[in-house]
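What follows is one structure encoded as structure tokens, with my remarks underneath.
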Amino acid sequence: MEQRSGGTVVQEASVTRRSSTFTSMLGWSEAVDTWLNYMGMVFIILLMVLTLVNVTGRLLFNWPFKGYIDAQEMMMALLVFLSLAYCQLKNGNIRFELFMTKFLKGGRTYHLVEVFYLLIALTGFIMIAVFSLQTAIHSLVIQDVTPTVHWPIWPARLGTAIGSIFLCIRLLIQITQNATWAVVGIRHAPDGAAGLE
């Protein structure tokens with residue numbers, strides 16, 4: 001039977017507590033990303049229904065849906081940006097997978113390149129999030145509306161900011177994971193298997 005000093009037990013408890021906090025943060029972030037994706041799917045369905053109503057009204061009754069273009073533009077922004085974090089979670093965003101898997105073949109270099117490209121994406125989406133939030137607040141203050149039916153614009157701009165903020169959180173989590181894997185030396189093979197380098 002192995003005896004441990006008091007310091008070792010305290011260190012293990014501290015590592016377990018930190019790991020537990022990060023794990024619960026991952027679960028929370030994944031749940032939020034999933035719900036934002038569901039909201040994006042709702043906007044896709046609404047957009048399809050709105051298109052059907054517009055086309056049917058135009059062909060059968062010569063009465064198109066007034067404000068169709070305004071609604072379409074706002075819903076497109078919402079369905080794209082609200083789904084970005086979930087897409088990043090599932091590795092669905094466009095990336096140089098051929099280069100990453102064929103030439104780097106896992107290991108520390110693979111994770112360092114991942115960190116590099118995730119930092120570039122994070123920088124870009126921080127700018128998008130800040131700009132979208134500023135324009136949403138500005139649109140609310142000046143009561144900016146769409147040109148045809150005079151609907152407020154700020155909800156679509158706020159949705160863009162919210163989607164970008166949660167994508168930034170997802171990117172930060174992935175940067176932390178890949179940096180940790182690069183330091184520890186965990187290798188991710190193309191088939192998703194992990195092992196020590």
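Annotations for the structure displayed:
- Number of residues in segment 71-88 that are without any contact (Cβ under 8 Å) to a residue 40 or more places away in the chain and among the polar types (S, T, N, Q) equals 1.
- Inside segment 36-60, residues that are surrounded by 13 or more Cβ atoms within 10 Å (Cβ to Cβ), without any contact (Cβ under 8 Å) to a residue 60 or more places away in the chain and of a type in the set (A, V, I, L, M, F, W, C) make up a count of 10.
- The residue of segment 43-88 that is nearest to Asn178 (Cα to Cα), among those that are touching a Lys or Arg at 6+ places or on another chain (Cβ under 6 Å) and modelled with pLDDT of 85 or more, is Gln88.
- Selected residue (only one of Tyr110, Tyr86 is among the aromatic types (Phe, Trp, Tyr), in contact with an Asp or Glu (Cβ under 9 Å, 6 or more places away or on another chain) and surrounded by 15 or more Cβ atoms within 10 Å (Cβ to Cβ)): Tyr86
- For segment 18-69, the set of residues classified as small (Gly, Ala, Ser) and either in contact with a Phe, Trp or Tyr (Cβ under 6 Å, 6 or more places away or on another chain) or not in a helix (DSSP H, G or I) (or both) consists of Gly57, Gly67, listed by residue number.
- Selection from segment 21-35 of residues that are loosely packed, with under 11 Cβ neighbours inside 10 Å and among the aliphatic types (A, V, I, L, M): Ala31
- Scanning segment 130-143 for residues that are surrounded by fewer than 15 Cβ atoms within 10 Å (Cβ to Cβ) and not hydrophobic (A, V, I, L, M, F, W, C), we see that the one that is farthest from Thr176 (Cα to Cα) is Gln143.
- Given (1) crowded, with 19+ Cβ neighbours inside 10 Å; (2) over 13 Å from the mean Cα position of the chain (by Cα); (3) not hydroxyl-bearing (Ser, Thr, Tyr), number of the condition Met127 does not satisfy: (1)
- Cβ-Cβ under 6 Å pairs, at least 6 apart or on other chains, segment 121-133 side closer than 12 Å to Leu158 by Cβ, far side of a type in the set (A, V, I, L, M): Ala129/Ala161; Ala129/Ile165; Ser132/Ala161; Leu133/Ala161
The values are calculated or read from the model by the stated rules, or taken from the named source; none is laboratory data. Keep in mind that this is a model prediction, so the values were computed, not measured. Reconstructed Cβ throughout: ideal geometry from the backbone, glycine too, with neighbour counts over all protein chains shown.
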